Amino acid sequence: MIRGRGLALGAPVAVGVLAVALWQAVVTGLGVEAFVVPAPSDIAAELGANLGVVTDAALATATNALLGLVLGTVLALVGAGISAAWRPVADAANPLVTATAVVPIVCLAPVFYTMFGSDAQTTRVVVAAIAVFVPVYINTLRGLRTVEPVHRDLMRSYAATPWEATRHVTLPGALPFFFTGLRVASSLAVISALVAEYFGGPVDGLGKAITSAVSSSRYALAWAYVLGAVATGLVFYAFTALIERNTMHRKNVLRTSLGLATAVALAGCAGASTEPEAGGLTPVTLQLQWVAQAQFAGYYAAVDQGYYEDEGLDVTIQEAGTDTVPIDVLAAGDADYAISWVPKVLGSIEQGTEVTNVAQVFERSGTLQVAFKDAGIAEPADLAGKKVGSWGYGNEWELFAGMQDAGIQTPDDIELVQQAFDMNGFLAGDIDAAQAMTYNEYAQILETVNPATGELYQPEDLEVIDWNDHGTAMLQDAIWADAARLADDSEYADTTVGFVKASLKGWAYVRDNPEEAAGIVTAAGSTLGTSHQLWQTNEVNKLIWPSTSGIGTVNADQWDQTVEIAMGTQNETGATVISAEPPETAYTNEYVEQALAELAEEGVDIQGEEFEALDVQLTEGGS
């Protein structure tokens, strides 16, 4: 017996060890990039170095999952009991339960954060409870209805009361069904609570930790958090199985599977081609940082006005989703160029990604921290003791740098709130100072009716902390290219000059024709309203024009400030963007200088010293 059990335990352990060893060999031998999949040794090192942080995050997620598991199970048992006793109730409930079963968690979480507030754990518990309810309810109801006729007849022959029949026959017969549902629900509780963390709420838990690590390009740490999530799920499942064994009085020992099933799918995909097509145009793919909007108006204008074609390029613009990391797309060869913020890319470069900033389009930061006048927040130091909203995902570094420069010990001196990419939490009063971009979320406030006046909110209702005014602004939208291809492929280098030239010419068009540019972006598929699109176009122009050294030039002082903040600022987990100076290949002005020289010869204004912003009037909802 002992030998059999030892074999049953040893076999999965051996398979798991073999899988990890193969994983390590493949990643090391083939030189797989960390953003694809890090080596197990790197994951283990990060887990060991950050075990306390991983444990704290796992406990936060586990607490919400446990509360959701208990709440969902209790509601499911009550509901199943009532439905089993009264058939009409079951018939009425079945469509509702079915509808609940097919509603995606990702749809529920943002809605519930609006209902329950962004500063509480309530949403995560409720989402977990809903996920738990369905399997427990369905299985328990099935068990309560599954009674062998012979057993029912036997109880009648004994003149048993309904309660006695339920206690001795119905409930014991339903227990296996109940525990089947509970085992499924235990894992769902953890998954649901973790997924809900991605969409808002307090800054704790594994979901937020994973996204924060990925946004900082610490992929091995992200996998360490994933291991924490796996361990949490296994603990929940094992605990549920233990309760089942003790309740059912089974004699067999619970066996815990320790095998690690890991599949490493490595697809050899060729880099994006820059060979000319039959028509003479070179195909080029540009990966955006977000969906189509005026933040990227210059690129859409360059397509619309034929500037790329003038340079012999056939440009395809790829929009991004919530889980898209533009630099990873570029590094994987699925795009020729990418748009991304500098601090987000610096972390990737430190992890070994070979990319180069070839044009710094945005010279100024568009990031703000916004508060209502009566909140008493006018300077970074005033954020102490307040509920401070942060998007995370690599967007938080200017905020943390500003607070730390003001002497605020983060996150102890503030209540950090995971902010959704909207202003609902701020408008509901759940956030005292919310993160906003000048060209998007700030406008969302001004497009909202002030309930106290019945009119739209006005700038004078708000206090704005602009990080450009406090020395913690970081470089944002830039054009990134593949560093290895720049060094080894002369055609790609030439293409880069043409692409940068046409792109900057597109931005000059946006400066001189903002209304037309807003229309071009809308025609390209942007869903923003007319006034909001024009506002965004106007505000983005302010981040570019006037240009100090010519649009697209990387100014050394601004680069150095960005690097200094990236090395010296810690976020809520204690992490910094980078730990050392980036390599010299992180940026170059070689290609943008060639592009600017050609644009100047063509008479294009590359500095915009006479630029004057529009006075855009917003309407309710930005329509």
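Key figures
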{"quantity": "Among the candidates Gly519, Gly525, residue that is surrounded by fewer than 21 Cβ atoms within 10 Å (Cβ to Cβ) and in a loop (DSSP other than H, G, I, E, B)", "calculated": "Gly525"}
{"quantity": "Sole exception among (1) outside any helix (DSSP H, G or I); (2) open to solvent by 10 Å² or more (accessible area, probe 1.4 Å); (3) in contact (Cβ under 8 Å) with a residue 24 or more places away in the chain for Ile578, by number", "calculated": "(2)"}
{"quantity": "Residue satisfying condition, being aliphatic (A, V, I, L, M) and either touching a Pro at 6+ places or on another chain (Cβ under 6 Å) or modelled with pLDDT under 80 (or both), within set Val235, Val190, Val195, Val147", "calculated": "Val147"}
{"quantity": "Residues that are of a type outside the set (S, T, N, Q), surrounded by 16 or more Cβ atoms within 10 Å (Cβ to Cβ) and closer than 25 Å to Thr438 by Cα, drawn from the stretch 292-324", "calculated": "Ala292, Ala294, Phe296, Ala297, Gly298, Tyr299, Tyr300, Ala301, Ala302, Ile317, Glu319, Ala320"}
{"quantity": "Options Tyr492, Tyr509; residue that is assigned to a helix (DSSP H, G or I), farther than 18 Å from Trp545 by Cβ and in contact (Cβ under 8 Å) with a residue 40 or more places away in the chain", "calculated": "Tyr492"}
{"quantity": "Whichever residue in the stretch 369-384 is within 17 Å of Phe426 (Cβ to Cβ) and either part of a helix (DSSP H, G or I) or without any contact (Cβ under 8 Å) to a residue 60 or more places away in the chain (or both) and, among such residues, is least open to solvent (accessible area, probe 1.4 Å)", "calculated": "Leu383"}
{"quantity": "Some residue of the stretch 450-463 being open to solvent by less than 50 Å² (accessible area, probe 1.4 Å), in a loop (DSSP other than H, G, I, E, B), in contact with a helix residue (DSSP H, G or I) (Cβ under 6 Å, 6 or more places away or on another chain) and not basic (Lys, Arg)", "calculated": "yes"}
{"quantity": "Counted residues, the stretch 317-356 - those being of a type in the set (A, V, I, L, M) and within 27 Å of Gly306 (Cβ to Cβ)", "calculated": "7"}
{"quantity": "Candidate set: the stretch 401-427, residues that are out of contact with any helix residue (DSSP H, G or I) (no Cβ under 7 Å at 6 or more places or on another chain) and assigned to a loop (DSSP other than H, G, I, E, B); chosen: the one farthest from Gly385 (Cα to Cα)", "calculated": "Phe421"}
{"quantity": "Residues satisfying the stated conditions in the stretch 464-482, i.e. open to solvent by 20 Å² or more (accessible area, probe 1.4 Å) and in a helix (DSSP H, G or I)", "calculated": "Asn468, Asp469"}
{"quantity": "Number of the condition not met by Val97 [criteria: (1) open to solvent by 60 Å² or more (accessible area, probe 1.4 Å); (2) without any contact (Cβ under 8 Å) to a residue 60 or more places away in the chain]", "calculated": "(1)"}
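The values are calculated or read from the model by the stated rules, or taken from the named source; none is laboratory data. Just so we're clear, the structure is a prediction, and the values are computed from it rather than from any experiment. Reconstructed Cβ throughout: ideal geometry from the backbone, glycine too, with neighbour counts over all protein chains shown. To get the accessible areas, we keep the full protein, side chains included, count just its heavy atoms, and leave off ligands, DNA and RNA. Shrake-Rupley method; radii C 1.70, N 1.55, O 1.52, S 1.80 Å.
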